[in-house]
Amino acid sequence: MDKQNNNNNNKENHYQYQSITNNNTNNNINNNDNSSNNNNNNNNNIELSNDVAIRPANVEPHCHTWVELNEPLTQRFAVRQLVKASILCLVFIIAEVAGGIIANSLAIATDAAHLLGDLTSFVIGICALLLAARAPTKRMSFGWYRAEIMGAMLSILIIWLVTVILCYMAVMRIVNNNYVINSLVMMITGGLAVLFNLCMIFVLGHGHSHSHNPPSSPNNHSLASSTAMHSAEQPDAASTSNADVESGRSSGQSEKMKLVQKKQSDINVRAAFIHVIGDLVQSVGVFLAAVIIYFKPEWKIADPICTFIFSVLVLITTGKILKDLMQVLMEAVPTNVPFNQVKEQLRAITGVKEIHNLRIWSLTTTKVALSAHVALENLQQSQQVITQANQMLKDKFNIYESTIQVENYVNGMDDCNKCKEPKD
């Protein structure tokens with residue numbers, strides 16, 4: 001009977017989540033009673049925070065980080081935040097369009113159009129996140145990560161198109177000067193817009209500050225490959241993994257992993273947060289313009305002038321995002337990953353003679369990939385070098401996916417044009 005209970009508990013624990021702070025382990029697997037008691041203690045110490053799955057105790061890692069395996073949970077949280085923002089945005093767009101028509105205010109129309117662009121970006125962001133969560137295929141070997149980039153670019157183009165149309169309408173208003181503005185309705189609508197954007201900042205800002213800090217598992221291995229073997233097939237890699245598991249149970253390692261995930265905040269939520277900040281400034285401008293027109297009706301030109309100012313703000317807020325997206329599409333080295341430092345750190349690993357064909361690029365704005373040829377004098381150190389290199393790249397530079405090709409060092413490498421370091 002005791003043996004049957006013990007087997008049931010062991011089977012149950014295979015699917016349980018292991019708490020980072022759990023230090024109760026099964027020291028005596030031959031004693032059924034002690035094993036059963038320890039398993040019950042483990043069940044009492046289960047920690048589930050933000051729906052993040054922690055690695056089961058009896059599952060060994062191989063080549064994937066547990067941060068990577070928890071990504072679908074983080075993406076679902078981002079989708080929930082964007083859905084909430086989309087619903088709020090749609091409701092207020094309807095209200096603001098109605099207010100703009102009644103007040104005959106182009107500034108309100110500009111604000112509503114900007115919100116429409118934001119709504120479009122939210123919806124595209126949701127679709128992009130859902131596509132990015134799809135598993136890689138033989139044709140799409142990197143998965144659908146860049147659907148996020150394409151969606152963000154489409155959103156920016158839509159916003160720019162709407163901005164150009166509104167600027168044209170503002171010019172025609174100034175030229176014709178045959179419009180009347182209901183400043184009271186404009187002022188009320190502008191005030192409501194300020195309150196609405198504050199609510200949006202709370203919705204997106206709350207997720208921005210908390211959604212990307214789920215507790216993560218201690219393991220932190222990035223993808224490694226060599227010309228000879230997979231890193232998970234070697235005893236050195238296994239022992240390194242076990243050591244990482246033990247050290248990862250400390251609170252210091254837990255905090256370190258939280259910081260890593262915080263850096264990997266989703267671009268769609270971050271971009272939406274930036275958009276809403278711009279909307280808040282724009283709504284304050286609409287309200288101030290309405291106050292001016294209310295007390296000085298002859299200054300109604302403030303309405304189209306606000307349109308021009310808001311258009312410039314749109315270009316500023318979206319220009320930086322567009323630049324980041326173009327860097328990804330051009331596979332440029334990310335600005336936060338110093339090429340020279342990465343090369344020097346790889347060269348500093350014991351046994352490494354030379355580094356060449358170093359390639360660093362972005363899969364998305366938050367996921368960096370790297371490949372390099374590592375020349376060794378002694379190929380017997382290959383697995384040790386691969387393990388150290390991938391761990392260093394993950395810890396120091398937050399490289400999402402790294403591929404290390406090990407080869408024998410020959411004297412001709414120093415003079416080879418193909419092996420020379422690229423120009424600045």
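Below is a table of values for the structure above.
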item	result
Test: Asp324 is out of contact with any Lys or Arg (no Cβ under 7 Å at 6 or more places or on another chain), buried (at least 16 other Cβ atoms within 10 Å of the Cβ), acidic (Asp, Glu) and not in a loop (DSSP other than H, G, I, E, B)	yes
Number of positions in region 329-382 that are of a type in the set (Gly, Ala, Ser) and part of a loop (DSSP other than H, G, I, E, B)	3
The lone exception for Leu313 - which of (1) assigned to a strand (DSSP E or B); (2) at pLDDT below 90 it fails	(1)
Residue that is surrounded by the most Cβ atoms within 10 Å (Cβ to Cβ), among those in region 334-361 that are within 22 Å of Tyr145 (Cα to Cα) and of a type in the set (A, V, I, L, M)	Ile360
Residue check for Thr364: assigned by TED's automatic domain parsing to the domain that holds Thr110 and buried (at least 16 other Cβ atoms within 10 Å of the Cβ)	no
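Per-residue answers, yes or no, for (1) part of a helix (DSSP H, G or I); (2) surrounded by fewer than 18 Cβ atoms within 10 Å (Cβ to Cβ); (3) out of contact with any Asp or Glu (no Cβ under 6 Å at 6 or more places or on another chain); (4) not aromatic (Phe, Trp, Tyr):
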| position | (1), (2), (3), (4) |
| --- | --- |
| Ile101 | yes, yes, yes, yes |
| Ala107 | yes, no, no, yes |
| Gly125 | yes, no, yes, yes |
| Pro136 | no, yes, yes, yes |
| Met140 | no, yes, yes, yes |
| Leu154 | yes, yes, yes, yes |
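The values are calculated or read from the model by the stated rules, or taken from the named source; none is laboratory data. Everything quoted here is computed from the prediction, not taken from an experiment. We place every Cβ from the backbone using ideal geometry, glycine too, and count neighbours over all the protein chains shown.
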